[in-house]
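Below is one structure; the comments refer to it alone.
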Amino acid sequence: MTDTTADLGKTPFGVGGVLGDTFSVFFSRFGSFFLLGFLPALIVLAVNYALIGDIALGQEDPVLMQRLFETPLGIASFVLASFIIPI
């Protein structure tokens, strides 16, 4: 059995406390979190641009998209650059 009368000085578990602690850690180490998120995203964008060109940057010309999807290699490179590498 547990002793429910013993007060160990702990605050009750609550959503507000957890969120406050989470944001406190995040903002105290914002530079580290930014680099951990930004650098991999930049690398993935560079690989996407190398594989599929301007389409990776959102500049979707319908003619370029049509040319890209005409060949199996184009489809494979789009799938690889857009879905597989980021995962």
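Readers should treat all values here as calculations from the given coordinates under stated rules, not as data from a laboratory. Note that the structure is predicted; figures quoted are calculated from it, not measured. All Cβ positions, glycine included, derive from the backbone under ideal geometry; neighbour counts span all protein chains shown.
Determine, for each peptide in 23-32, 43-52, 71-80, the mean count of other beta carbons within 10 angstrom over its residues, then list the peptides with the highest first.
43-52, 71-80, 23-32
What spacing in nm lies between the two simple spin-label points modelled at residue 22 and residue 84, each 7 Å away from Cα in the Cβ direction?
3.4
For the residue pair residue 29 and residue 64, what label-to-label distance in nm results when each label sits 7 Å from Cα along the Cα-to-beta-carbon direction?
If labels sit at residue 29 and residue 64, their model points lie 3.9 nm apart.
Expected output is a single nm value to one decimal: the length gained when fully extending between residue 76 and residue 43, i.e. 0.36 nm times separation in residues minus the C-alpha distance. What is it?
Stretched fully, the residue 76-residue 43 segment lengthens by 9.9 nm.
Per residue, how much space in cubic angstrom lies within the convex hull of the C-alpha atoms of region 14-87? The partial results should precede the final answer.
Working: hull volume 8.8 nm³, N = 74.
Looking at region 14-87, the number lands at 119 Å³ per residue.
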